[in-house]
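Below: the structure, in structure tokens.
The values are calculated or read from the model by the stated rules, or taken from the named source; none is laboratory data. Since the structure is predicted, the reported quantities are computational estimates derived from the model, not experimental observations. Methodologically, a virtual Cβ is constructed for each residue, glycine included, from the backbone with ideal geometry; neighbour enumeration extends over all protein chains shown. Side chains are part of the model used for accessible areas, which takes the heavy atoms of the whole protein and leaves out ligands, DNA and RNA. Shrake-Rupley method; radii C 1.70, N 1.55, O 1.52, S 1.80 Å.
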Amino acid sequence: MVMIANAYLMTRGTPRRNDYAFLGAVPPSRWWDRVNPYVFMESPEVVVARHPGGVGVLISGLPSARRDVIGTAIRHTVVIDDLRDQPELLCRIVAAGLDPRTRTALGEHLDEEFDAGRVDAIMDGGDAGTDVPQRVAEILATVSADVPGPGRDPEGSWVGGADDEGSRRAFLARVRRLAAEEASGFAFTSQAIATARGAGEAAGRLGAPVAILLVDGDVDGVQPLGKDRPLPPERRSPALLMTGLALTGVAVAVILWWIARRVL
């Protein structure tokens with residue numbers, strides 16, 4: 001069996017006080033926080049990143065059969081801190097995160113290993129949860145997911161559609177390059193971004209190469225987000241343009257009046 005180190009599980013317990021938190025061990029850094037504005041962590045998302053500690057992957061929104069005290073469905077999030085030099089394993093885990101059927105299977109395995117009583121015991125302090133990383137790693141190492149053939153990963157930043165096979169192939173190609181340390185930056189799905197323009201703005205703010213799959217967006221195929229494809233300028237209405245010209249004229253008149261007073 002392939003061994004995975006540094007695996008973590010976030011979930012919640014049944015009582016209201018047992019809100020979402022990592023069970024047992026906690027990742028040394030929250031490297032995924034940089035992309036938080038562009039993903040919905042409570043929904044099905046996948047985030048892969050090169051970070052100072054290595055190459056990490058996060059899969060959120062894994063369904064659980066458990067519910068909290070008010071009947072709200074509970075979700076699992078798994079994190080692996082470093083999968084450098086294991087590109088095939090990383091691609092297999094990411095492919096599982098992209099496939100609704102495999103996500104469901106992962107949620108079921110996590111429920112079997114961590115039932116309501118065990119989760120509440122760990123969160124209440126009665127169980128140290130020292131075996132959580134090992135148990136999560138064992139589940140992830142046995143993930144069976146179809147990994148599509150190699151795709152073409154354009155250099156730099158790009159955006160594609162999560163339902164487009166070519167985009168998914170390119171996404172997994174970027175993931176493979178991240179694991180092999182042949183690329184830097186982020187590869188993530190997004191339910192928070194809906195347009196190529198929004199993806200370009202996210203890439204600019206992150207300041208690193210990105211490969212983004214839009215879950216519900218208007219993008220067809222893979223579209224580069226580099227300097228050779230600048231974002232279109234915002235359209236301004238004629239009314240706003242006239243208002244701006246009028247204010248400019250007033251400012252010029254005030255400056256000329258002030259100069260005249262100084263001269264005279």
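Basic side chains Lys and Arg get +1 at the Cβ, acidic Asp and Glu get -1 at the Cβ, and with that the dipole of segment 16-76 about its Cα centre reaches some 100 debye. Solvent-accessible surface (1.4 Å probe) assigned to V26 amounts to roughly 90 Å².
Note on surface exposure: T142, T189 rank T142, T189 by accessible area, highest first, 1.4 Å probe.
The stretch between A128 and E182, if pulled fully straight at 0.36 nm per residue, gains 15.6 nm over its current Cα-Cα span. Ranked by solvent-accessible area (1.4 Å probe, protein heavy atoms only, all chains present), the residues E165, E45 order from largest to smallest as E165, E45.
For the set E113, E155, solvent exposure ranked by accessible area (probe 1.4 Å, protein chains only) runs largest to smallest as E155, E113. Remark: segment 7-224 carries a charge dipole of roughly 360 debye about the Cα centre, counting +1 on each Lys and Arg Cβ and -1 on each Asp and Glu Cβ. The stretch between H51 and V69, if pulled fully straight at 0.36 nm per residue, gains 2.8 nm over its current Cα-Cα span.
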